[in-house]
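Shown next, in C-alpha cells, is the structure this report addresses.
The values are calculated or read from the model by the stated rules, or taken from the named source; none is laboratory data. For clarity, every value in this text was computed on a predicted model and none was experimentally measured. Every residue, glycine among them, receives a Cβ derived from its backbone with ideal geometry; neighbour counts consider all protein chains shown. When the accessible area is computed, the model is the full protein with side chains, heavy atoms only, and any ligands, DNA or RNA have been set aside. Shrake-Rupley method; radii C 1.70, N 1.55, O 1.52, S 1.80 Å.
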Amino acid sequence: MATSGVVSVDWSSNNRVVKSKYEFAVKPSDEEVVVDSDDSEYSIPTIDISLLTSPDLHQRSKILHDLHKACQEWGFFQLINHGISETVMKKMMEACEGFFNMSEEEKKEFQGSRDVLDPINWGTNFNCNTVGKKFLIWRQFLKLYVHPQFNSPYKPLGFSEVAEEYCKRTREICGVLMRAMSETLGLEPNCLEKATNWDEGCDVLASNYYPTCPDPDQVLGLPPHTDPGLMNLLVQNDVGGLQILHKSGKWVQWKAMPNTIIVDLGDQMQILTNDLYKSVTHRAVVNNKSTRISIVSAHGPAVNAKVVPIPELLEALGQAPAYPGIPYNEYLQLQRTSHSFLKSTLDIIRLES
C-alpha cells in the first residue's frame, strides 16, 4: 500500500470533490497486481449448496470435499442454488438503496456511538487514525444487529419487513454451511454450533454504499481487512469492487454471477479450526462511473461466547492450540483498536509456539 492524502468530503452535496492536499491516506499501490476471478488460475470456488442436502451420497460426498478444499485454500467461495429468490434479493437491495437515498438529516437519526455493539448504526466517510496514518474510507454504511434480537430503522417504509425476511433466509443458509463444515472437519454435524452457542449467535446485517468517486485512485471503499466473525454472506448490485488477496500475493477482483452469494470465512472460524480454515484479507475499491452497494450478512458466535480451537480437532490433528479463548465481544473491541487495523487481530492474540 502506498501513502497519500486526507480527503475532506461533503456528503450532503451531489458534487463530491476529492481535494488535492493529501497526507497519509492509504491507497492501492501501482506495484500491486489485480487479476479477474474469471481467470481460470484465480477462479473463486463455486459451491452448489443444494447438494449438501442431496440424498445422493456420491454427490454429497463430492460437494463436502469441494467445500473443505475451498475453506482451506481460499476462505472464500460463491454459493449457487441457495434458495433465496431473485425477487427477495432485489427487494433487499432496493430497500438499502432507499435508505441511503434519504436526506442526511433523516439518516443522522440512526447515527450510532463509538460502541461496537450499537444495535443500529449509520455512518459515513470513516477515517481511522492509526499509527500516524489515515485511511480514507469512501463509503456510507448501515449496520444492524439482527440476532438474537432484530433491530432495524423504522424508515424507509417497508425496510424492516424486507430486512427481517432476508436475515431469516441468510441465517438458514449459514446454519446449513456450519453443519456441513463440521462434517468436513470429521466432527459431529452440530459441533461448530455447540462451540459457538449458535442459537444465541450475534448476527449483523450491514450495507455499504460506495458512491462514484472523482478520484478513485486516491481512496478505498474499505482497506484490507479480515472479518471478525464466523462467516459472512455477501451480495452486491451489478457494480464490482470486492478484491480478495490470493496466496500468490495478487488481488483477485470478484466478478459475480447473477443471483450468487459470496461467502467469506471470518477470524472465529480460523480460531475454531486452529488455522485449518482461513480468514482471508480482502478490500473494496471504488470507481468514477457507478455507485456500488453491497449487503453483508455477518454471522458470529454469541456475544459472550469464548471461542477456542475445537478440542476434538486438535486431538485428531495432534496439534496444540494456536489461540487462547477470548469472548467474542472482547475480540470485536480489540479489532477496533488502532494497532489491529494495521496488524491482523489473529496475529495479536496468537499463542507463541
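Numbers for the structure displayed
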{"quantity": "Residues within region 328-353 that are open to solvent by 80 Å² or more (accessible area, probe 1.4 Å) and free of Cβ contacts under 8 Å to residues at least 12 places away in the same chain, tallied", "calculated": "3"}
{"quantity": "Subset of region 148-164 (residues that are under 28 Å from ASN197 (Cβ atoms), part of a loop (DSSP other than H, G, I, E, B) and either open to solvent by 50 Å² or more (accessible area, probe 1.4 Å) or basic (Lys, Arg) (or both))", "calculated": "PRO148, GLN149, PHE150"}
{"quantity": "Subset of region 297-327 that is open to solvent by 20 Å² or more (accessible area, probe 1.4 Å) and among the β-branched types (Val, Ile, Thr) - its residue that is nearest to ARG169 (Cα to Cα)", "calculated": "VAL303"}
{"quantity": "Residue, modelled with the lowest pLDDT, within region 92-140, restricted to residues that are exposed (fewer than 15 other Cβ atoms within 10 Å of the Cβ) and among the hydrophobic types (A, V, I, L, M, F, W, C)", "calculated": "VAL131"}
{"quantity": "SER207 free of Cβ contacts under 8 Å to residues at least 60 places away in the same chain and open to solvent by less than 40 Å² (accessible area, probe 1.4 Å)", "calculated": "no"}
{"quantity": "Single residue of region 249-259 satisfying the filter (out of contact with any Ser or Thr (no Cβ under 6 Å at 6 or more places or on another chain) and under 12 Å from VAL34 (Cβ atoms)) that is least open to solvent (accessible area, probe 1.4 Å)", "calculated": "TRP251"}
{"quantity": "Hits in region 218-233 (condition: in contact with a His (Cβ under 9 Å, 6 or more places away or on another chain) and over 13 Å from HIS282 (Cα atoms))", "calculated": "GLY229, LEU230, MET231, LEU233"}
{"quantity": "Only one of THR196, THR184 that is touching a strand residue (DSSP E or B) at 6+ places or on another chain (Cβ under 6 Å) and crowded, with 19+ Cβ neighbours inside 10 Å", "calculated": "THR196"}
{"quantity": "Single residue of region 290-341 satisfying the filter (part of a helix (DSSP H, G or I) and among the charged types (D, E, K, R)) that is farthest from GLU164 (Cα to Cα)", "calculated": "GLU315"}
{"quantity": "Residue in region 264-278 that is more than 29 Å from ILE326 (Cβ to Cβ), modelled with pLDDT of 95 or more and part of a strand (DSSP E or B) present", "calculated": "no"}
{"quantity": "Residue ranges of strands (runs of 3 or more DSSP E) in region 29-101 with at least 2 members touching a helix residue (DSSP H, G or I) at 6+ places or on another chain (Cβ under 8 Å), within 28 Å of ASP217 (Cβ to Cβ) and touching a residue at least 60 places away in the same chain (Cβ under 8 Å)", "calculated": "34-36"}
{"quantity": "Of all residues making up region 39-67, the number that are polar (S, T, N, Q), closer than 21 Å to GLN253 by Cα and more than 23 Å from the chain's Cα centre (by Cα)", "calculated": "1"}
{"quantity": "Matching residues, region 198-242, being over 20 Å from MET257 (Cα atoms) and among the small types (Gly, Ala, Ser)", "calculated": "GLY201, ALA206, GLY221, GLY229"}
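Each row is one residue, and each column tells you yes or no for (1) more than 15 Å from the chain's Cα centre (by Cα); (2) of a type in the set (Gly, Ala, Ser); (3) within 19 Å of VAL204 (Cα to Cα).
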{"position": "THR291", "(1), (2), (3)": "yes, no, no"}
{"position": "SER294", "(1), (2), (3)": "no, yes, yes"}
{"position": "SER297", "(1), (2), (3)": "no, yes, yes"}
{"position": "ALA305", "(1), (2), (3)": "yes, yes, yes"}
{"position": "GLU312", "(1), (2), (3)": "yes, no, no"}
{"position": "ASP347", "(1), (2), (3)": "yes, no, no"}
